[in-house]
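Every number in this text was worked out from the coordinates using simple rules, so none of it is lab data. Everything quoted here is computed from the prediction, not taken from an experiment. Glycine also receives a Cβ, built like all others from the backbone with ideal geometry; neighbour counts cover every protein chain displayed.
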Amino acid sequence: MHHFSSENVTGPDEYYGIDPLWSPSDNIYPARDAERSQHSFDYVGTRFIASLEAPIGLFDSGAGGLTILSALRQELPCENYIYFGDTAHCPYGLRSDPDVIELSCQVSQFLIDQGAKLIVVACNTASQAALNTLRATFAVPFVGVVPAVKTAARVTKKGRIGIAVTNQAAKALYLRQLIDEFAEGIEVYAVGCPELVTLVEQGELDGSGVEEVVRHALQPLLTKDVDVIVLGCTHFPALRPVVERITNHRVQVIDSGSAIARRTRSVLDAEALIRQANSASANGELQLWCSGNPAAFSAISSKLLGYPVVATQATL
């Protein structure tokens, strides 16, 4: 038997295996035809076709998904990217599932209208709540994130893992199902840390004050003597150095940016959609959009990515 303790639970990050094509069996949240774009009608029942030059789209409620973008650009440097931070509605982790589904559909439609050939749902909450609806509504391939329970259970030596998550305890059942499947015999503890999302969105990534907040947020996990902590939100890897410091580097810290990047490569390869380098443009371009204040989002994005970027505001 495993032990499971949760507090404001959602899922940590690991890639989610996505079929690149929509099929009726995927339609868990049926989408009315009136809600589907003409673009999706053009492709339903046919093989998805896109240009190699078309960008990979990503979205998150804010800047957290930029940690996934960084991993993608390492794995697939030649690709063009378009990222949307829905900062006007951040954080998703405190919203209801219907709200998250609606917002995710709106953002995905925007990315498809910009020509995205694949969309990475770089947000745990949106992946959990909206992925099935997105796959049933749009014909482009989707890659999402789910809790890295399987990975954590595989690497723990003490048999005790912690999961730092963001949203409400209503998600506990979903996480419990994953634990039942992948972590039998493992003690799993989950704690909600929405304050860490706030730190990242404010660009506060280090310093004594940040360390104090992170230490307080993770204390329920540390008192359980876990030897693995899964970062359960795409915002959290931005705070990885702080997490490692407060655990004295004695706890393995897992995030799944690289796994998501590998999955994205696999899906693009299966569809023959990988953009190859050429002499004119070896590295791909990045477009950055947000629904909130573009100046603020440009500043935090530049800080997280480590190079200057300028965001454009888009109204959904």
Report task. Mind listing the long-range amide H neighbours of F59? Cut-off is under 5 Å, sequence gap 5 or more, other chains count too, H placed in the peptide plane at 1.01 Å from N. Result -> F84, V120, A122
Query raised in the report: Taking amide hydrogens as modeled 1.01 Å from N in the peptide plane, which residues meet the under 5 Å criterion relative to Y81, leaving out close sequence neighbours?
Result: I56, E285, L286, Q287
Requested in this report: Please work out whether region 225-316 counts as rounded, prolate or oblate from its C-alpha gyration tensor, where a ≥ b ≥ c are the square roots of the eigenvalues and a/c under 1.5 means rounded, while otherwise a/b larger than b/c means prolate and anything else oblate?
Outcome: oblate
Query - Per-residue ³J(HN,Hα) for region 228-237, Karplus 6.51 cos²θ - 1.76 cosθ + 1.60, θ = phi - 60°, Hz, x for Gly and Pro - result: 9, 10, 8, 7, x, 7, 5, 6, 5, x
Query - Relative contact order (percent, whole number), region 81-167, Cα cutoff 8 Å, 6+ residue spacing - result: 28
Report task. Mind checking region 106-166 for trypsin sites (Lys or Arg not before Pro) that DSSP puts in a loop (not H, G, I, E or B) and that have at most 11 other Cβ atoms within 10 Å? Result -> K157
**Report entry** Interchain or long-range residues, amide H under 5 Å from Q252's placed H
**Finding:** V228, I229
Query - Footprinting exposure proxy for C193, C105 (fewest neighbouring C-beta atoms within 10 Å first) - result: C105, C193
Report summary line: In order over region 127-133: 3J(HN,Hα) from phi, Karplus 6.51/-1.76/1.60, θ = phi - 60°, whole Hz, x for each Gly or Pro, gives 4, 5, 7, 10, 4, 5, 5
